[in-house]
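Since the structure comes first, as structure tokens, the remarks are kept for the end.
Each reported figure results from applying straightforward, stated rules to the coordinates on display, with no laboratory input. Because the structure is predicted, anything quoted here is derived from the model rather than measured. Positions of Cβ are backbone-derived with ideal geometry, glycine not excepted, and every protein chain shown enters the neighbour counts.
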Ligand code: FES
């Protein structure tokens with residue numbers, strides 16, 4: 001190919017004569033960039049979410065350098081740029097509040113600059129959907145490189161998983177089965193290398209979703225961050241993005257309806273995070289694919305969970321990689337007719353071409369589809385008068401006997417109320433009750449936090465109770481587990497029926513029938529609705545005001561309504 005003849009976006013900056021071209025090239029040359037890099041070759045943005053405040057992404061400067069090697073090798077011109085990073089463990093009130101803000105940062109950074117293609121460096125939970133959403137609204141060629149999971153946690157004689165064991169250890173401390181010293185000893189044992197959570201939490205799930213969508217290279221999901229092959233993957237992605245620009249392989253050519261169907265089915269097979277629901281709905285909304293909450297139920301319903309990873313199982317991402325990783329899962333699903341084999345992927349081959357020779361090396365980690373790890377993978381979408389726009393539950397992380405349950409509500413009006421009373425010895429609660437938490441949806445908290453797997457009352461933990469039905473408008477960490485109904489829509493703060501539940505009301509959960517019913521007469525519910533007053537807005541200014549005015553409910557992905565769709569990669573007018 002004669003690259004100088006190809007018309008690229010970047011030529012609108014670097015290919016110009018006169019003062020405009022001078023401006024665009026001269027200041028770049030202060031970085032020691034030689035003149036030949038401005039000759040019309042593909043300019044590749046490396047969108048970096050590195051931050052020391054995002055420990056899961058703290059190794060990304062190394063990864064970016066590996067991407068650059070690949071880009072240079074193929075005759076491209078790499079330019080790394082930062083965007084706001086979202087560190088799950090530090091940011092308050094919730095990283096989810098900022099996912100949409102980061103997506104705006106990404107979209108506008110790409111469109112405003114001389115980029116022909118972009119490599120998205122993602123890792124910690126929200127960084128993956130945020131960058132996918134922003135890039136999708138531009139629809140340039142793009143490829144995802146995930147940072148990779150941490151090495152397996154090791155505490156004493158056993159493996160411990162990010163997040164999953166935090167909940168377990170906390171319950172053990174509250175039940176008096178673990179000392180505070182032991183609890184603190186476990187901290188360094190859990191997070192012992194670079195990388196993101198090594199359970200099948202949201203980060204691993206979204207890395208798997210990227211690979212399943214075809215927007216990342218095969219094996220992207222599972223190579224540990226500390227494994228040298230992660231650097232090789234970054235290098236190869238750098239090589240490939242240059243070719244993608246030359247082939248004009250834009251995101252919308254990969255992120256088709258079929259790609260999303262492949263991702264949803266894969267999520268069932270891996271026991272993936274419930275957070276994938278809102279994130280994929282939001283990405284689909286940006287790229288213009290018609291995807292609904294009900295698609296999650298219909299597409300995932302017959303997919304068993306075949307991956308034995310925490311929080312649903314016992315192994316971790318490092319084990320998953322050695323067992324064959326996602327390609328082995330994809331092969332299993334594709335051979336059973338559960339995937340669109342012809343779906344195009346970022347490396348130019350179809351999904352089936354990528355995985356047809358994949359091998360499983362450990363059947364304790366990746367089970368055969370015919371003898372699955374758990375019969376029910378996927379996401380159950382529940383409806384009823386308590387969730388007219390839907391709520392979700394992850395069957396593989398729930399307790400089978402509780403999947404059909406009727407009990408009396410114990411209601412917490414918000415998270416502060418919950419924290420103040422959950423361990424009160426006088427709290428009227430037993431194991432048959434249903435814990436209800438309000439005020440934790442997109443508008444309510446604000447920012448849709450991961451408080452849905454609220455801990456059980458200490459007095460019940462001491463009795464040996466390990467699970468109860470819990471219902472909220474919150475999300476749940478992908479590393480968490482339990483019979484937990486999440487994303488109830490509309491949320492309480494938006495006047496959804498959850499707002500009207502009171503202590504002692506009977507609630508019926510029937511997962512097989514996909515029902516969530518509040519057994520209160522309609523007339524009484526109407527009386528409660530009439531008496532309800534919306535909470536005061538959390539803020540009248542800044543991003544929070546923009547967010548509260550425009551955020552949509554969980555059932556459509558909790559994006560801002562003004563951000564759905566895209567504006568393409570058109571070149572803005574000159575600035576001087
Ligand atoms: Fe970053 Fe779990 S805290 S991935």
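Let me make sure I get this right: for the stretch 217-301, a, b and c are the square roots of the gyration tensor eigenvalues over alpha carbons, sorted descending. Under 1.5 in a/c it's rounded, otherwise prolate if a/b > b/c, else oblate. Which is it?
oblate
Provide the convex hull volume over Cα atoms per residue for the stretch 104-246, in Å³.
118 Å³
For the stretch 370-449, restrict the atom set to alpha-carbon positions and state the Rg and Dmax in Å.
My reading of the Cα-based Rg and Dmax gives 15.4, 49 Å.
Give the value in nm², to one decimal: projected area of the alpha carbon convex hull of the stretch 300-340, averaged over all directions.
So the mean shadow area of the Cα hull is 3.1 nm².
To check my understanding: the extent here is largest minus smallest coordinate of the Cα atoms along each principal axis. What are those three numbers for the stretch 312-408, in Å, largest first?
The Cα atoms of the stretch 312-408 stretch 52, 29, 23 Å along the principal axes, largest first.
So what are the radius of gyration and Dmax for the Cα set of the chain, in Å?
Here Rg and the maximum Cα pair distance are 24.0, 79 Å.
Mind listing P(r) for the stretch 1-67? All alpha-carbon pairs, 5 Å bins, whole percents.
Per 5 Å bin, starting at zero, the Cα-Cα P(r) for the stretch 1-67 comes out as 3, 15, 18, 18, 15, 13, 10, 6, 2 percent.
How far apart, in nm, are the 7 Å Cα→Cβ label points at residue 513 and residue 573?
The modelled label-to-label distance comes out at 6.2 nm.
Once you place label points 7 Å from the Cα toward the Cβ at residue 406 and residue 23, how far apart are they in nm?
The modelled label-to-label distance comes out at 7.2 nm.
So for 13, 167, 296, 361, fewest C-beta neighbours within 10 Å to most, what's the order?
Ordered from fewest to most neighbouring Cβ atoms within 10 Å, 13, 167, 296, 361 come out as 361, 167, 13, 296.
Stick to Cα atoms and the Kirkwood definition of Rh, then tell me Rg/Rh for the stretch 59-126.
So for the stretch 59-126, dividing Rg by the Kirkwood Rh gives 1.02.
Residues of the stretch 384-419 with backbone nitrogen within less than 14 Å of a virtual label 7 Å along the Cα-to-Cβ line of residue 522, please, listed as ranges.
Backbone N within reach: 385-386.
With angles folded into 0 to 90 degrees, how steeply does helix 127-136 sit against the dominant principal axis of the chain? Use alpha carbons for both and round to 10.
Long axis of 127-136 versus the principal axis of the chain: about 50 degrees.
Looking at the stretch 511-555 from every direction and averaging, what is the projected area of its Cα convex hull in nm²?
Averaged projected area of the stretch 511-555's Cα convex hull equals 5.3 nm².
On the first, second and third principal axes, largest extent first, how far apart are the outermost C-alpha atoms of the stretch 358-403 in Å?
Rounded to whole Å, the extents work out to 46, 25, 15 Å.
So how do 116-124, 82-90, 241-249, 519-527 stack up, highest first, on mean other-Cβ count within 10 Å?
116-124, 241-249, 82-90, 519-527
Run the simple label-point estimate for residue 192 and residue 336 please: 7 Å along Cα→C-beta, distance reported in nm.
3.4 nm
Take each of the peptides 409-417, 279-287, 381-389, average the number of other beta-carbon atoms within 10 Å over its residues, and list them starting from the highest.
Answer by packing, highest mean first, reads 279-287, 381-389, 409-417.
Quick check: convex hull over the Cα atoms of the stretch 397-545, volume per residue in Å³, rounded to an integer?
118 Å³
Using the Cα atoms of the stretch 167-282, I'd like the radius of gyration and the largest Cα-Cα distance, Dmax, both in angstrom.
So, for the stretch 167-282, Rg and Dmax equal 18.5, 62 Å respectively.
Once the principal axes of the Cα atoms of the stretch 336-471 are found, what is the range along each, listed largest first in whole angstroms?
Computed over the Cα atoms, the extents are 61, 35, 25 Å.
Can you give the Rg/Rh ratio of the stretch 203-344, where Rg is from the C-alpha atoms and Rh is the Kirkwood radius?
That ratio is 0.95, to two decimals.
Please give the direction-averaged projected area of the C-alpha convex hull for the stretch 31-92, in square nanometres with one decimal.
Averaged projected hull area, Cα only: 4.9 nm².
Inverting the mean 1/r over all pairs of different Cα atoms, compute the Kirkwood radius of the stretch 338-377 and quote it in Å.
It works out to 12.1 Å.
Set the Förster radius R0 to 56 Å, insert the Cβ-Cβ distance between residue 69 and residue 177 as r into 1/(1 + (r/R0)^6), and round the FRET efficiency to 0.05.
The calculated FRET efficiency here is 0.65.
Full-extension gain between residue 561 and residue 534, please, as 0.36 nm times their residue separation minus the C-alpha to C-alpha distance.
In short, 7.7 nm is gained.
By count of other Cβ within 10 Å, fewest leading, how are 302, 357, 139, 555 ordered?
Fewest-to-most ranking of 302, 357, 139, 555: 357, 302, 139, 555.
If you average the alpha carbon positions of the stretch 203-262 and of the stretch 494-529, how far apart do those two centres end up, in angstrom?
What the calculation gives is 43 Å, centre to centre.
Cα-Cα pairs above 21 Å in the stretch 142-215: how many percent?
36 percent
How long are the semi-axes of the ellipsoid equivalent to the stretch 36-174, from square roots of 5 times the Cα gyration tensor eigenvalues, in whole Å, largest first?
34, 18, 10
Once the stretch 449-511 is represented by equal point scatterers at the alpha-carbon sites, with solvent omitted, what log10 I(q)/I(0) does the Debye formula produce at q = 0.26, 0.27 Å⁻¹?
-1.23, -1.26
Cut-off is 10 Å between beta-carbons; in what order do 156, 421 appear when sorted fewest neighbours first?
The fewest-first ordering by Cβ neighbours comes to 156, 421.
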